[in-house]
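The values are calculated or read from the model by the stated rules, or taken from the named source; none is laboratory data. Note that the coordinates shown come from a computational prediction; the quantities given were computed from them, not determined experimentally. All Cβ positions, glycine included, derive from the backbone under ideal geometry; neighbour counts span all protein chains shown.
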Amino acid sequence: MGDSWLKIVWETVQTIVIALVLAILIKSFVVDSFLVQGHSMEPTLRNGERLLVNKFLYRFKVPELGDIVVFEYPKDPERDFIKRVIGREGDTIEIIDGYVYVNGSLLEESYLVNRGRDNFGPVLVPPGQLFVLGDNRTNSDDSRYFGFVPAENLVGQAMVVYWPISNLRVFQNGPELAAP
């Protein structure tokens, strides 16, 4: 009986160690959880929602216009921010009375409730950088204020809101934001 008990304990320990190693690898390189703090992405994301972030995707491709991304805040890399990609390297961004133009074309931003009346730019997005804006333009600390986001600051792409469960939804990244 002693040997079978030791065998069960050893197999249990092995299973727990393998599960922990897999969980650490998945969290480090594939998917992570993110807590939305603040109102800068309303109405798309609400304060207190939890979402899953795909950390793997941007190892192989650049973000598309309209992607909702989590990144290390350029002024304090210990903080993560979430915003929408509005411009990529080589794009010229200009905001006139709250309307965003990328390379001279007006963006259709159906997700906005309040675009504000800001004027900004024009600015050229430098190589290896992104221009990001919050969906709640009147309440967002974004590229208009802190500048461009280096591509190496990207944590990943928002995929799914999973909490609270009543807000469960999958994101449609990219296509929502289109120049005519």
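What the table shows:
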| quantity | calculated |
| --- | --- |
| Test for residue 142: is it over 25 Å from residue 33 (Cα atoms), modelled with pLDDT under 95, surrounded by 13 or more Cβ atoms within 10 Å (Cβ to Cβ) and of a type in the set (Asp, Glu) | no |
| Residues within the stretch 39-77 that are of a type in the set (D, E, K, R), in a loop (DSSP other than H, G, I, E, B) and touching a strand residue (DSSP E or B) at 6+ places or on another chain (Cβ under 9 Å), tallied | 5 |
| Pairs where the first residue, in the stretch 137-155, is farther than 17 Å from residue 46 by Cα and the second is part of a helix (DSSP H, G or I), C-beta under 7 Å, 6+ apart | 149/143; 154/58 |
| Selection count where residues are buried (at least 17 other Cβ atoms within 10 Å of the Cβ) and either touching a Ser or Thr at 6+ places or on another chain (Cβ under 9 Å) or of a type outside the set (Val, Ile, Thr) (or both), scope the stretch 38-56 | 11 |
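For every residue, the table says whether it meets (1) modelled with pLDDT under 85; (2) on the phi < 0 side of the Ramachandran plot; (3) among the acidic types (Asp, Glu).
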position	(1), (2), (3)
28	yes, yes, no
38	no, no, no
49	no, yes, yes
55	yes, yes, no
77	yes, yes, no
89	no, yes, yes
129	no, yes, no
